[in-house]
Amino acid sequence: MKIKNILAVALVSTTIMATSCRSHYEMTGLERTRILIDNRYDSGINEEDNNFMRPYKQKVDSMMSPVVGQLAHYMYADWPESPLSDLLSDVLVWAGKKYNEQPDFGVYNIGGIRAALAEGDVTVGDVLELAPFENKICFVTMTGKDVMELFDQMAMQLGQGVSHEVKLTISKKGKLIEALVSGKPVDLDRAYRIVTLDYVAQGNDKMAAFKMKTDVNSPQDEQNNIRYIIMDYFREKMAQGKKVSQQIEGRINIVE
C-alpha cells in the first residue's frame, strides 16, 4: 500500500511539474514602425570600421569592376517580352557553337533575370546581379507535341523569354493561338533541339513540359554557368567594337 501511495504521489508531482514548466503566451498587442535608411547615416562614418573593411572592399571591387562589354541603351526584363529577355534567350542560342550544338531555339525564364542593365559599361558585377544563381546551360530534345505543350504553358503565363526563332500569338486570357519556329508551324512529329537553363529544363517556372526532354547535354562545370556565358557574349561584342543592343521584336504577341 505504501508503495502505491508513493507512486501516486510521484505521478501527481510529475504532472504538476510538467504543467508548471509549460509556458503559455498570448499576444496582447502589435506595434510597428518604419526605419528610413538614407544618406543621414553617411555622416556617421566610423573610420575604424572603414579601415577594417578597406582591404576586403578593394578585393571585391577588383573582382567586380572589370568591364566585359557595353550596352547601347538601357535594358530591362518584363512580361510578355522585353529587350533583356530577348537578348539572353539569343545568347543561349549563340553559345551553342561552343558545345557543338545547333539549337532550334532558346528559352530563358524571365523570373530568373534579377536585374536590369544600364546604358554604357557592363561590368562583371552587373552580370552577377543579373544572373546570381548557379544555373548551367542545358541542351535538350523535345518532340513537336511536347514543344506545343511548352508553348501552351508559356501562353498561360502571358510570355517567357524566347529566342528570335520563336513567334507566339497569345490571347489576353492566356490561350495559345499560334506558334511558329523559324517562320513555320511546329511539326508535331519532329524532334526539336532547345537550349535553356538547367533549372528550367527540370520543369520549373511553370514549364513542366520540359520534364519530357531527352538527350540532355548539361555540363555542370563552373565555366558552364550562365553568368560566364553572358560575359563571354559581351566580351566577344566588345572585341568587335560593338555595343550590345536589343529591341522588342514582337516574339510574343498578345491579342484580344
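A protection proxy built from the mean count of other Cβ atoms within 10 Å ranks the segments 185-196, 132-143, 244-255, most packed first, as 132-143, 185-196, 244-255. Overall, the accessible surface of the stretch 168-234 at a probe of 1.4 angstrom is composed of carbon and sulfur to the extent of 49 percent. Each residue of the stretch 229-237 was assigned a 3J(HN,Hα) from its phi angle through the Karplus expression (A = 6.51, B = -1.76, C = 1.60, θ = phi - 60°), giving 5, 4, 4, 4, 4, 4, 5, 4, 5 Hz with x at Gly and Pro. Using the structure shown, list the pairs from LYS98/LYS184; LYS213/LYS243; LYS175/LYS237; LYS97/LYS242; LYS173/LYS242; LYS172/LYS206 with a Cα-Cα distance above 29 Å, or answer none. The pairs that break the limit, which is 29 Å between Cα atoms, are LYS213/LYS243; LYS175/LYS237; LYS173/LYS242. Computed over protein heavy atoms with a 1.4 Å probe, the accessible surface of the stretch 82-131 works out to 34 Å² per residue.
Equivalent-ellipsoid semi-axes (√(5λ), Cα gyration tensor) for the stretch 119-194, whole Å, largest first? The answer is 28, 17, 12 Å, longest axis first. Near SER182: Cβ cut-off under 15 Å, other residues only, Lys/Arg at +1 and Asp/Glu at -1. The net charge is -1. The calculated FRET efficiency for HIS164 paired with VAL255, based on their beta-carbon distance and R0 = 22 Å, is about 0.65.
Under the classification rounded if a/c is under 1.5, otherwise prolate if a/b is larger than b/c and oblate if not, where does the stretch 143-256 fall, given a ≥ b ≥ c as square roots of the Cα gyration tensor eigenvalues? Oblate, because a/c is 1.5 or more while a/b does not exceed b/c.
The values are calculated or read from the model by the stated rules, or taken from the named source; none is laboratory data. The shown structure was predicted, so the numbers you read here are calculated from the model rather than taken from an experiment. Cβ: placed from backbone, ideal geometry, glycine included. Neighbour counts: every protein chain shown. Note: accessible area is taken over every heavy atom of the protein model, side chains too, but ligands, DNA and RNA are not part of it. Shrake-Rupley method; radii C 1.70, N 1.55, O 1.52, S 1.80 Å.
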